[in-house]
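Participant: Here it is, the structure in full.
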Amino acid sequence: EGGVVAGHTGDVACDHYHRMPSDVRLMAELGLKSYRFSVSWSRVQPGGTGPANAEGLDFYRRLVDELLGHGIEPWLTLYHWDLPQPLEDAGGWPARDTAARFADYAQLVADALGDRVTYWTTLNEPWCSAFLGYGSGVHAPGRSDGADAVRAGHHLMLGHGLAVQALRASRPQAQLGITVNLYPVTPATDAPADLDAARRIDALANRFFLDPVLRGSYPADLTADLREVTDFGHVRDGDLAVISTPLDLVGINYYSRHVVAAPVEGAEPEPYWRSPSCWPGSEDIRFVTRGVPVTDMNWEIDAPGLTETLRRVHDEYTDLPLYVTENGSAFVDAVVDGQVDDADRLAYFDAHLRAAHEAISAGVPLRGYFAWSLMDNFEWAWGYTKRFGMVWIDYDSQARIPKSSARWYAEVIRRNGLAAQ
C-alpha cells in the first residue's frame, strides 16, 4: 500500500551518460520499481523552438528502453529549471510566449517517448523556477524582480496547463500531473502578527500554485498581499481554466517546515533560499529556527510535516492520487574502508517513510514515494558540494558505492514495508 519507489532527476543520468547501462543495473539490483528522471529542454530543443535535436531525444529513448528492459517504470518530468537560453533572451518565464513554447516542447517529447512512458509530470517545483530564478536570483537566470517572479509563476502554470492539454490529446492513456514543493507553515507564536505572517508565507509558498492548478483561482488574500508588486494584469481571460485542466495525479516534494514570525526592525537577512526577495510583498517576514536537528543544507528535519502536508492536500484540495516525488537529505558523507555509513540519512528516510504511512492510515490516497536521490548529484547553486544520494559518487573516478541507506532501502522495498518499532 503506497508502494515504495525511488528516483531522482535525469540530470544525474545525463551527467553520467556513459554509465547509463550499469546505473540502471544498479537500480535493478536495489529492487527499484520506478525511476523518476527529467528531460532537459535545452538538450532536446536547444533553440527553444523548431525541430528536436535527434541526438538529445535518442539519449532519452535509450534511457527509457534500458529502464523498461530491467522492469523499472519510467517517470518523466518535462521541466527541471533548464530553460533554453534563446527563450531566456526573449524574456524567459515572465514572457507569456514561453508557456506556448513549453507546450510545443512537451509535444516533441510525447511524440518520441509517449508510446513507452505512462507517467508524466510537467514541472518540477515551479516555486523555485519563479521565485529563486526571478525573485532572489540565486538560481538561473539570476534575475531579481518581484513582479517578474510573480509573472514567471503564472506563466509556468499556464505552460503546465497547455502541456497537459497537448499530452492529453496525443497520448490519452498517459497519467499526467505536476510536482510542487510544499511546506507546512507554522507561526512562531499565537500572536496575531505571527499568525498573519504564516498566512502570507503559506500563500506564496503553497497556495500560489495549489489554488490555480486544483481550484482554478488565485487566493484573494494572495492577490491583496501582492497589490504593491503587481496588479495581476498578466492574467488573461481563460488562463485559469487552462491552468486547472484536470490531472491524474499530484506530485509533492517535501523537505522541511517554515516557522515564521512578524517583522522586527533591524532583523538579520535570512539564508539564501529564504532571502527577502524570494517573498515579494512579504520581504520582511522572519523565518525562525527552532534548534532542532538540521541537514547539511541547514534544513530542519521535520518528518511529521510530511504527514501534515499530505493530509492538507487531500483534505483541502483533491481526491487525486498523491505521490511523494522527492524527499531526502544532504549530509556530509565519508568513504571509510570502501564503505559509506550514512546513518543520519538512513534515519531520515525511516522517519519520513513512517510519516508517509501515517498519512495512508489517515485515508490519504498516497500511491508512491520517490527518494531524493539515487546518486549524489549536481545540486544547482551548491554544485557538487552537497550530497543527497544513497549511492556515493567519486567525481574523479566515477566509481559508485551504495551507502548504508541504499542497502537499507533495498530491504524496505523487498519487504514493501518498514520494520516494526
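Participant: Taking region 240-257 only, how many residues are under 20 Å from ARG215 (Cα atoms) and among the hydroxyl-bearing types (Ser, Thr, Tyr)?
Facilitator: 2
Participant: Only residues that are surrounded by fewer than 20 Cβ atoms within 10 Å (Cβ to Cβ) and either under 18 Å from THR179 (Cβ atoms) or of a type in the set (D, E, K, R) (or both): list them for region 334-356, please.
Facilitator: Matches in region 334-356: ASP337, ASP341, ASP344, ASP350, ARG354.
Participant: Next question. For region 148-165, check the following and say yes or no: at least one residue is in contact with a strand residue (DSSP E or B) (Cβ under 7 Å, 6 or more places away or on another chain), of a type in the set (Val, Ile, Thr) and buried (at least 16 other Cβ atoms within 10 Å of the Cβ). Spell out how you get there, then give the answer.
Facilitator: Of all residues in region 148-165, those in contact with a strand residue (DSSP E or B) (Cβ under 7 Å, 6 or more places away or on another chain) come to 156, 160, 163-164.
The next check asks that each one be of a type in the set (Val, Ile, Thr); those that pass are 164.
Restricting the remaining residues to those that are buried (at least 16 other Cβ atoms within 10 Å of the Cβ) gives 164.
Within region 148-165, one or more residues are in contact with a strand residue (DSSP E or B) (Cβ under 7 Å, 6 or more places away or on another chain), of a type in the set (Val, Ile, Thr) and buried (at least 16 other Cβ atoms within 10 Å of the Cβ).
Participant: I've got another one for you. So, restricting to helices (runs of 4 or more DSSP H) that lie completely within region 106-217, which ones have at least 1 residues that are in contact with a Cys (Cβ under 8 Å, 6 or more places away or on another chain) and not hydrophobic (A, V, I, L, M, F, W, C)? Break it down stepwise before answering.
Facilitator: On the way: elements: 146-170, 192-202, 208-215.
Where helices (runs of 4 or more DSSP H) fall fully within region 106-217, none carries at least 1 residues being in contact with a Cys (Cβ under 8 Å, 6 or more places away or on another chain) and not hydrophobic (A, V, I, L, M, F, W, C).
Participant: Would it be correct to say that ARG61 is surrounded by fewer than 18 Cβ atoms within 10 Å (Cβ to Cβ) and either out of contact with any strand residue (DSSP E or B) (no Cβ under 6 Å at 6 or more places or on another chain) or among the hydrophobic types (A, V, I, L, M, F, W, C) (or both)? Lay out the reasoning, then the answer.
Facilitator: Details: surrounded by fewer than 18 Cβ atoms within 10 Å (Cβ to Cβ): yes; either out of contact with any strand residue (DSSP E or B) (no Cβ under 6 Å at 6 or more places or on another chain) or among the hydrophobic types (A, V, I, L, M, F, W, C) (or both): yes.
The answer is yes for ARG61.
Participant: For region 81-103, which residues satisfy the criterion of being part of a loop (DSSP other than H, G, I, E, B) and either of a type in the set (A, V, I, L, M, F, W, C) or surrounded by fewer than 20 Cβ atoms within 10 Å (Cβ to Cβ) (or both)?
Facilitator: Taking region 81-103 and keeping what is part of a loop (DSSP other than H, G, I, E, B), we get 81-84, 90-96.
Hits for region 81-103 are TRP81, ASP82, LEU83, ALA90, GLY91, TRP93, ALA95, ARG96.
Participant: Being in contact with a Phe, Trp or Tyr (Cβ under 9 Å, 6 or more places away or on another chain) and modelled with pLDDT under 95 is true for just one of TRP380, TRP408. Which residue is that? I'd like the intermediate steps shown before the answer.
Facilitator: Values: TRP408 fails: modelled with pLDDT under 95.
Only one candidate qualifies: TRP380.
Participant: Additional query: In region 300-317, what count of residues is obtained for those that are within 18 Å of GLU358 (Cα to Cα), in a loop (DSSP other than H, G, I, E, B) and of a type outside the set (D, E, K, R)?
Facilitator: Within region 300-317, residues that are within 18 Å of GLU358 (Cα to Cα), in a loop (DSSP other than H, G, I, E, B) and of a type outside the set (D, E, K, R) number 2.
Participant: With the condition kept exactly as written, say whether any residue in region 48-60 is in contact with a helix residue (DSSP H, G or I) (Cβ under 8 Å, 6 or more places away or on another chain), in contact (Cβ under 8 Å) with a residue 60 or more places away in the chain and either of a type outside the set (A, V, I, L, M, F, W, C) or over 28 Å from SER373 (Cβ atoms) (or both).
Facilitator: No, region 48-60 contains no residue that is in contact with a helix residue (DSSP H, G or I) (Cβ under 8 Å, 6 or more places away or on another chain), in contact (Cβ under 8 Å) with a residue 60 or more places away in the chain and either of a type outside the set (A, V, I, L, M, F, W, C) or over 28 Å from SER373 (Cβ atoms) (or both).
Participant: Can you say whether THR307 is at pLDDT 95 or above, β-branched (Val, Ile, Thr), surrounded by 17 or more Cβ atoms within 10 Å (Cβ to Cβ) and under 18 Å from the mean Cα position of the chain (by Cα), as far as the supplied structure shows? First the steps, then the outcome.
Facilitator: Working: at pLDDT 95 or above: yes; β-branched (Val, Ile, Thr): yes; surrounded by 17 or more Cβ atoms within 10 Å (Cβ to Cβ): yes; under 18 Å from the mean Cα position of the chain (by Cα): yes.
Yes, satisfied.
Participant: I'm trying to understand the selection: among the residues of region 68-89, which are hydrophobic (A, V, I, L, M, F, W, C) and free of Cβ contacts under 8 Å to residues at least 40 places away in the same chain? Don't jump to the end; show me each part of the working.
Facilitator: Filtering region 68-89 down to residues hydrophobic (A, V, I, L, M, F, W, C) leaves 68, 72, 75-76, 78, 81, 83, 87.
If the condition is that a residue be hydrophobic (A, V, I, L, M, F, W, C) and free of Cβ contacts under 8 Å to residues at least 40 places away in the same chain, then LEU87 is the only one that fits.
For every residue, the table says whether it meets (1) basic (Lys, Arg); (2) over 16 Å from TRP279 (Cβ atoms).
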{"residue": "GLY92", "(1), (2)": "no, yes"}
{"residue": "ALA112", "(1), (2)": "no, yes"}
{"residue": "ARG116", "(1), (2)": "yes, yes"}
{"residue": "GLY133", "(1), (2)": "no, no"}
{"residue": "VAL180", "(1), (2)": "no, yes"}
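Participant: Let me ask you something else. Of the residues PRO51, PRO46, PRO86, which is out of contact with any strand residue (DSSP E or B) (no Cβ under 8 Å at 6 or more places or on another chain) and closer than 27 Å to ARG236 by Cβ? Lay out the reasoning, then the answer.
Facilitator: Numbers: PRO51 fails: closer than 27 Å to ARG236 by Cβ; PRO46 fails: closer than 27 Å to ARG236 by Cβ.
Answer to the selection: PRO86.
Participant: Evaluate region 290-299: report whether one residue or more is surrounded by fewer than 17 Cβ atoms within 10 Å (Cβ to Cβ) and part of a helix (DSSP H, G or I).
Facilitator: No, region 290-299 has no match at all.
The values are calculated or read from the model by the stated rules, or taken from the named source; none is laboratory data. The model shown is predicted, which means the values in this text are computed figures rather than measured ones. Because the Cβ atoms are built from the backbone with ideal geometry, glycine has one as well, and the counts that use them run over all protein chains shown.
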